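Here the structure comes first, spelled out in structure tokens, and everything after it is commentary.
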Amino acid sequence: MALSETSEHRKDRRQRVLKGASILTGVANSEVKCLIRNMHAEGAELKVDLDARIPGEFLLYVPVDGIAYKAVLRWRKEGRVGVTFAGTEPKPAWHYG
């Protein structure tokens, strides 16, 4: 069952933030710029371009935090996507930021 974006499915309340981030897919070192609208320890809501190609799993690199989250796509609606975090890892060496 896919998670919906309603708050009743969340354990933690997401904190509203505005952070620039990059969706790193590893496919030819591809990067999709995005904006984190809100997040908590287990996931986040991202603002992306309507035509952005977002894979089912990717690294979400947040330069201001210096963290790359292993993210799993849970839902998509217009220019927004919801992800859950499956851990962290170091920023890929190929990423310039």
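No value in this document is a laboratory result; all are computed from the given coordinates. Please read all numbers here as calculations on a predicted model, not as lab measurements. No Cβ is skipped: glycine too gets one built from the backbone with ideal geometry, and neighbour counts run over all protein chains shown.
Could you check the spin-label model distance between His40 and Arg16? Points 7 Å from the Cα along Cα→Cβ, value in nm. Between His40 and Arg16, the label points sit 1.6 nm apart.
For region 14-89, a/c is less than 1.5, where a ≥ b ≥ c are the root eigenvalues of the C-alpha gyration tensor. That puts it in the rounded class.
Pull out the extension gain between Trp75 and Asp49, defined as 0.36 nm times the separation in residues minus the alpha carbon to alpha carbon distance; nm, one decimal.
Working: separation 26, 0.36 × 26 = 9.36 nm, distance 1.48 nm.
Additional length available on full extension: 7.9 nm.
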